[in-house]
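What follows is a set of notes on a single structure, which appears directly below.
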Amino acid sequence: MSKHIVLIEDEPDILESTTLLLENEGFRVSGFSAFTTLEEMVALQPNCFLLDENLPIISGHIICILFKSKPVTREIPVVLISANPAIKQKAALGEADAYIGKPFEIQELVDVLTRVMI
């Protein structure tokens, strides 16, 4: 069975292209803009959350903190993505399992996702 990723990205073009690229790599992807609820994301029971750091309402690392504080989502890996050079610090602050800078190569992203979902 393919691994299920919940992708949260507020840029429609990036959301669509990343979803298609990951699906072509064999992942099942549920993509959302920033305007969805945490409950909706959790209800999908993903194997991993892939979160953009720079979302308009709440930062990806804050969502990560929320996920890591709840028993039902604590063990689900979270990967933060961002073009911001401070992504390493934000990922550490949010207790993310990994981070990746934008722009990224699809194989780099696949490698990170595969590593955190082992």
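Each residue in region 77-118 was checked for being part of a helix (DSSP H, G or I) and in contact with a helix residue (DSSP H, G or I) (Cβ under 7 Å, 6 or more places away or on another chain), and 4 pass.
Put simply, of Glu9, Glu53 the only residue that is at pLDDT 90 or above, over 19 Å from Arg115 (Cα atoms) and touching a His at 6+ places or on another chain (Cβ under 7 Å) is Glu53.
So, of the residues in region 13-30 that are of a type outside the set (A, V, I, L, M, F, W, C) and farther than 16 Å from Val110 by Cβ, which turns out to be surrounded by the fewest Cβ atoms within 10 Å (Cβ to Cβ)? Across region 13-30, the extreme among qualifying residues is Asp13. The conditions of being surrounded by 12 or more Cβ atoms within 10 Å (Cβ to Cβ), of a type in the set (A, V, I, L, M, F, W, C) and modelled with pLDDT under 95 are met by Leu93. What are the residues in region 43-57 that are out of contact with any Asp or Glu (no Cβ under 6 Å at 6 or more places or on another chain), surrounded by 12 or more Cβ atoms within 10 Å (Cβ to Cβ) and farther than 20 Å from Leu22 by Cα, if any? Selection gives Asn54 alone.
Determine if region 56-79 includes at least one residue that is under 22 Å from Lys3 (Cα atoms) and touching a His at 6+ places or on another chain (Cβ under 7 Å). No.
Taking Arg74, is it loosely packed, with under 15 Cβ neighbours inside 10 Å and touching a helix residue (DSSP H, G or I) at 6+ places or on another chain (Cβ under 9 Å)? Against the criterion (loosely packed, with under 15 Cβ neighbours inside 10 Å and touching a helix residue (DSSP H, G or I) at 6+ places or on another chain (Cβ under 9 Å)), Arg74 qualifies.
The values are calculated or read from the model by the stated rules, or taken from the named source; none is laboratory data. No experiment lies behind these values; they were computed from the predicted model shown. In this analysis, Cβ positions are derived from the backbone assuming ideal geometry, glycine residues included, and neighbour counts consider all displayed protein chains.
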